[in-house]
Amino acid sequence: AYEKIDEGHGRDELHEMALAYNDMMDQLGRNYEKQERFVSDASHELKTPITVIESYARLLKRRGFDDRNVADEAVGAILSQAVRMKELTAQLLDLARSDRAAAYSFKQADIRDIAEETVRPMRQAYGREFVVEGPEKLLADTDPDKLRQLLFILLDNARKYSDGDVRLALEKTDGRVELSVADHGPGIPEADLPHLFDRFYRVNSDRNRKTGGTGLGLALAKEIADGLGAELTVESVIGVGTVFRICFASSRPKRHHAVTE
Ligand code: ADP
């Protein structure tokens, strides 16, 4: 907790400074709490695979050299937990990097190209249809790498949590660009929607699925959207499907342009 300055009542410079100082301290306090929660959530998530690895390594040491089945089971479990930890730490690092403004560099780019480049390898990898709709060319200021990363998270979720086609629609109206990723999957319960972008949050039915996600994808998506100056929203209807929307201004304010340009 930070000591607040008495803001007083006068409209003089000192009063303005006190207000600014208190705002700054509020902001710092919030960031600090966010950081602390992040570290404690992250260690909690990492503890589970470490504990599993430890206990299987002990089992392996105790009985694995006499019993081939025990050895197979232990090595299998250790391997899968190690893979999970690798995925988790990679995402945690991405997340830690993603909120640094310096990591973003804007330039004019064709959003259609970015969309096609993101979708092409996914069609190849999954043999699924990813439909891109909208204008053949759509110019806007953005960070192409970050936008690709953001689109990938949303498209990959749509693929993971639904069976049919995934649709990526592009639209430009009144100086704004809207990208939407839509699927015809099971949808997300209304009660979960407000928490969807929280770190480690997973909808109940997906929490115990074998295809274990980390619950970090959408938190990262949100951070990237913030860095890009974009709004990221979700609409979902149970039994109908889910739409994630990215919305941003097609030309960036000056301060967002890369210094080198
Ligand atoms: P992860 O996919 O690793 O669990 P995310 O943060 O990407 O983590 O997603 C959080 C949760 O939101 C998922 O576990 C899933 O329950 C739900 N979700 C995300 N995208 C969709 C989607 N397109 N359709 C249905 N549920 C989704």
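The values are calculated or read from the model by the stated rules, or taken from the named source; none is laboratory data. Since we're looking at a predicted model, the values are computed, not measured. All Cβ positions, glycine included, derive from the backbone under ideal geometry; neighbour counts span all protein chains shown. Heavy atoms of the whole protein, side chains included, go into the accessibility calculation; ligands, DNA and RNA do not. Shrake-Rupley method; radii C 1.70, N 1.55, O 1.52, S 1.80 Å.
One line per residue, one yes/no per condition, for (1) open to solvent by 20 Å² or more (accessible area, probe 1.4 Å); (2) in contact with an Asp or Glu (Cβ under 9 Å, 6 or more places away or on another chain):
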residue: THR214; (1), (2): no, yes
residue: ALA221; (1), (2): no, no
residue: ASP226; (1), (2): yes, yes
residue: GLU231; (1), (2): yes, no
residue: GLY241; (1), (2): no, yes
residue: ALA249; (1), (2): yes, yes
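Listed by first and then second residue, the pairs with beta-carbon distance under 7 Å, at least 6 apart or on different chains, first residue in region 142-160 and within 13 Å of the ligand (Cβ to nearest atom), second open to solvent by less than 50 Å² (accessible area, probe 1.4 Å) and among the aromatic types (Phe, Trp, Tyr), are LEU154/PHE244; LEU155/PHE130.
Within region 1-33, restricting attention to residues that are open to solvent by 90 Å² or more (accessible area, probe 1.4 Å) and either in contact with an Asp or Glu (Cβ under 7 Å, 6 or more places away or on another chain) or of a type in the set (Lys, Arg) (or both), which residue is modelled with the lowest pLDDT?
As a first pass, look at region 1-33 and keep what is open to solvent by 90 Å² or more (accessible area, probe 1.4 Å): 1-4, 6, 9, 11, 13-14, 17, 23-24, 30, 32-33.
Retained after the next criterion (residues that are either in contact with an Asp or Glu (Cβ under 7 Å, 6 or more places away or on another chain) or of a type in the set (Lys, Arg) (or both)): 4, 11, 30.
On the way: LYS4: 72, ARG11: 68, ARG30: 81.
So, considering only residues that are open to solvent by 90 Å² or more (accessible area, probe 1.4 Å) and either in contact with an Asp or Glu (Cβ under 7 Å, 6 or more places away or on another chain) or of a type in the set (Lys, Arg) (or both), the one modelled with the lowest pLDDT is ARG11.
The residue list ALA115, ALA57, ALA109 contains one member that is free of Cβ contacts under 8 Å to residues at least 24 places away in the same chain and either surrounded by 15 or more Cβ atoms within 10 Å (Cβ to Cβ) or more than 18 Å from ALA169 (Cα to Cα) (or both), which is ALA57.
In this structure, GLY127 does satisfy being at pLDDT below 95 and at positive phi.
Taking the stated definitions as given, is SER43 in contact with a helix residue (DSSP H, G or I) (Cβ under 9 Å, 6 or more places away or on another chain), open to solvent by less than 90 Å² (accessible area, probe 1.4 Å) and among the hydroxyl-bearing types (Ser, Thr, Tyr)? No, not satisfied.
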